[in-house]
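The values are calculated or read from the model by the stated rules, or taken from the named source; none is laboratory data. Just so it is clear, the model here is predicted, and its values are computed rather than measured. We place every Cβ from the backbone using ideal geometry, glycine too, and count neighbours over all the protein chains shown. All accessible areas refer to the heavy atoms of the entire protein, side chains included, with ligands and DNA or RNA removed. Shrake-Rupley method; radii C 1.70, N 1.55, O 1.52, S 1.80 Å.
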Amino acid sequence: MSLDKHYDVIIVGGAMAGATLALALSDQTAGKIKVAVLEKQIAHQHKQSGFDARCIALSDGSCQRLTQINLPNGQTLWQQFQPIVTPIKKIHVSDKGHSGLTEFSAHEFDLSQLGGVIELQVAGKILLNAMQQYPHIDYFAPVDITNIEYDTNQVKISLKNDRTLSTKLLVGADGTQSLVANAAKISQKLVRQYNQTAIITNVLPQQAHQYRAFERFTDEGPLALLPMSNNLMSLVWCVQNPEKLMQCSEIEFLVALQHRFGWRLGKLLQCGQRFAYPLNLYQAEQHIQPRIALIGNAAQTLHPIAGQGFNLGIRDVMQLAKLVATNYKTKQDIGDYQNLMPYERARQQDQQQIINLTDSLLSIFANNLLPLQIGRTLGLMALSQSHLLRQYFAKPTLGWK
């Protein structure tokens, strides 16, 4: 089989994390580094659009990091995203059946917004257009990888169409069941089964959301509503038994959701197509191997509570891009294990802190023992009154590192 093309970096996974890494690397090397992005799906199959659009929440820290990625057209990646981002100006936190609640607002942190919500399909188009501005980024989609072969000096990737690509560094941005991690024999350890399923859909409420996000804890799991354009809200509802909610009619679903969420937005009028995802905590036992690095959900897959998954992943992206670009410009071997070690060391504390935060929140708020019920009510009350506690809690969730 003939070798078709050699790249400095090949990224497997062309969604948000992988595409952002390609752009960050290109920006930091003045477009000289040769990057291939391999995505198994064609672009329009990534996500639903319109009323059924899939979304993610960007923390303030992630928005700031996107301003650090400059594009050849003179704009930053954040400037490209900003027109399609719905700002989050307030976050309302409550515990169903208990009196404790608190609210965070952007102005108390001297911010214009706490973060923003972006539709993945529209973001994907912007990322594709941005990558096209760089002649040394090649985006392949759809692709089917048939083999990954390692040797001392490079990685060879065989594609189904009899093409073979090679690279000095292979990056896994391909999620929980990472092909890259599997090929490198990196175990993606199941740390915890939450026995919950996330039901994801969009909801139209009767009242204006006023750029508020809601996090409501229930006895089955957390429920989050994020503001979107056209007064829609993106719902992530974590439940223990999803079957009935997935199969019932739209009206029945909205009635059940109303019962769980309450009436803070008036009557819930419509919802879009529903998707269901089992929730577990996965963590890769290593994030690097010789000529291999993992980012985002390939490195760790979190529960969606507090919306930290992608925001943690974007910090992986920026740390790896900085290291690889520095080694590339100084003519170091960018895939050498010793040269990749600073990435793993630099990310360990942040990754473990966020994993512990999300896991602890679930342990506290998904437990119906009376002492914990009383404790979390008092905790939310204290959080609503103490500026110091609010700053301490907000710093990691806002992505300030």
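At ASN129 and GLN240, where each label point lies 7 Å from the Cα along Cα→Cβ, what is the point-to-point distance in nanometres?
Here the modelled spin labels are 4.7 nm apart.
Give me the net charge of PRO83's neighbourhood, meaning all other residues with Cβ under 14 Å from the Cβ of PRO83; Lys, Arg count +1, Asp, Glu -1.
Working: positive: LYS125; negative: GLU119.
Cβ neighbours under 14 Å give a net charge of 0.
So, in nm, how far is label MET341 from label HIS136 when the simple model puts each one 7 Å beyond its Cα toward the Cβ?
With each label placed 7 Å out from Cα toward Cβ, I get 2.8 nm.
With θ set to phi - 60° and the Karplus curve 6.51 cos²θ - 1.76 cosθ + 1.60, what are the ³J(HN,Hα) couplings of the range 283-298 in order, to the nearest whole Hz, using x for Gly and Pro?
9, 5, 5, 9, 9, 9, 9, x, 6, 10, 9, 10, 9, x, 5, 6
How about LYS89: which aspartates and glutamates have a C-alpha closer than 17 Å to its C-alpha, ignoring those fewer than 8 places off in the same chain?
Cα-Cα hits under 17 Å: ASP60, GLU103, GLU108, ASP110, GLU215.
Within the accessible area of the chain, what % is carbon and sulfur when the probe is 1.4 Å and the other protein chains stay in place? Mind dumping the intermediate values first?
On the way: 8890 of 17810 Å².
The C+S portion of the solvent-accessible surface of the chain is 50 percent.
Using a simple charge model, +1 on the beta-carbon of Lys and Arg, -1 on the beta-carbon of Asp and Glu, nothing else, what dipole does the range 149-281 show about its Cα centre, in debye to the nearest 20? If you can, show how the numbers build up before the last one.
Values: 14 positive and 10 negative charges, 44 e Å.
The dipole magnitude comes to about 220 debye.
How far apart, in nm, are the 7 Å Cα→Cβ label points at ASN73 and GLU108?
If labels sit at ASN73 and GLU108, their model points lie 3.8 nm apart.
What span do the alpha-carbon atoms of the chain cover on each of the three principal axes, reported in whole Å from largest to smallest?
Result, largest extent first: 64, 41, 41 Å.
By how many nm would the segment from HIS92 to ASP219 grow when fully extended, if each residue of separation counts as 0.36 nm and the alpha-carbon distance is taken off?
On the way: separation 127, 0.36 × 127 = 45.72 nm, distance 1.79 nm.
Taking 0.36 nm per residue and subtracting the Cα distance, the gain is 43.9 nm.
Can you tell me the dipole magnitude for the chain around its Cα centre, using point charges on the Cβ only (Lys, Arg +1; Asp, Glu -1), in Debye to the nearest 20? Write out the running numbers ahead of the final one.
Working: 36 positive and 30 negative charges, 78 e Å.
Around 380 debye, computed over the chain.
Can you send over the solvent-accessible area of LYS329, 1.4 Å probe, protein chains only, in Å² to the nearest 10?
130 Å²
Could you pull out the pairs from LYS189/LYS322; LYS34/LYS125; LYS160/LYS244; LYS40/LYS90 whose alpha carbons sit more than 31 Å apart here?
Details: LYS189/LYS322 27 Å; LYS34/LYS125 21 Å; LYS160/LYS244 40 Å; LYS40/LYS90 37 Å.
With Cα atoms farther than 31 Å apart: LYS160/LYS244; LYS40/LYS90.
Please name which of LEU66, ILE355, VAL12 has its Cα lying farthest along the dipole of the chain towards the positive end, using unit charges on Cβ (Lys, Arg +1; Asp, Glu -1) and the Cα centre as origin.
Checking the options against the dipole of the chain, the answer is LEU66.
What's log10 of I(q)/I(0) for the range 196-266 at q = 0.11, 0.19 Å⁻¹, Debye sum over Cα points only, no solvent?
-0.24, -0.73
Residues with amide H under 5 Å of GLN270's amide H, sequence separation 5 or more or different chain, H placed in the peptide plane at 1.01 Å from N; which?
The list, which skips near neighbours in sequence, is LEU204.
How many percent of Cα pairs in the range 248-299 exceed 12 Å? Display every interim value, and only then the final one.
Numbers: 990 of 1326 pairs.
Percentage above 12 Å: 75.
What is the dipole size for the range 123-219, taken about its Cα centre, with +1 at each Lys and Arg Cβ and -1 at each Asp and Glu Cβ, in debye to the nearest 20?
180 debye
Express as a percent, rounded to the nearest 5, the fraction of DSSP beta bridges in the chain (both residues included) that run antiparallel.
Values: 56 of 81 bridges.
Percent antiparallel among DSSP bridges in the chain is about 70.
Quick one: accessible surface of ARG192, probe radius 1.4 Å, all protein chains present, in square angstrom to the nearest 10.
Estimated to the nearest 10 Å², ARG192 gives 100 Å².
Between ASP144 and TYR277, what FRET efficiency follows from the Cβ-Cβ distance if R0 is 22 Å, with the result rounded to 0.05?
About 0.40, to the nearest 0.05.
Applying the Karplus parametrisation 6.51 cos²θ - 1.76 cosθ + 1.60 with θ = phi - 60° to the phi angles of the range 246-251, what ³J(HN,Hα) value in whole Hz is obtained for each residue in order, glycine and proline being reported as x?
Taking θ as phi minus 60°, the curve returns 7, 9, 6, 5, 4, 5 Hz for the range 246-251.
Report the full-extension gain for the segment GLN177 to GLN210: residue separation times 0.36 nm, less the Cα-Cα distance, to one decimal in nm. Spell out each step's value before the answer.
On the way: separation 33, 0.36 × 33 = 11.88 nm, distance 3.77 nm.
Taking GLN177 through GLN210 to full extension adds about 8.1 nm, to one decimal.
Could you work out [θ]222 nm for the chain from helices alone, using -39500 (n - 2.57) per DSSP H run of at least four and dividing by all its residues? Round to the nearest 500 deg cm²/dmol.
On the way: 11 runs with 136 residues, N = 401.
That comes out to -10500 deg cm²/dmol.
Write down the Kirkwood hydrodynamic radius of the range 169-226, to one decimal in angstroms, obtained as one divided by the mean of 1/r over all alpha carbon pairs.
Working: mean 1/r = 0.0650 Å⁻¹.
In the range 169-226 this quantity evaluates to 15.4 Å.
Per 0.36 nm of contour for each residue apart, how much would the distance between PHE51 and GLN247 grow if the chain were fully extended, relative to their Cα-Cα spacing? Write out the running numbers ahead of the final one.
On the way: separation 196, 0.36 × 196 = 70.56 nm, distance 1.91 nm.
The PHE51-GLN247 span can extend by a further 68.7 nm.
What accessible area, in Å² to the nearest ten, does a 1.4 Å probe give for GLU252?
Approximately 110 Å² of GLU252 is accessible to the 1.4 Å probe.
How large is log10 of I(q)/I(0) for the range 164-316 at q = 0.11, 0.17 Å⁻¹ when the intensity is taken from the Debye formula with one equal scatterer per alpha-carbon?
Summing over Cα pairs of the range 164-316 leads to -0.53, -0.95.
Work out how far the C-alpha atoms of the range 239-356 reach from end to end along every principal axis, then list the three figures in whole Å, largest first.
Extents along the principal axes: 61, 25, 25 Å.
Taking R0 as 56 Å, what's the FRET efficiency between GLN332 and ALA256 from their Cβ-Cβ distance, rounded to 0.05? Don't skip to the answer; put the middle values down first.
Details: r = 56 Å, r/R0 = 1.01.
Between GLN332 and ALA256 the formula returns 0.50.
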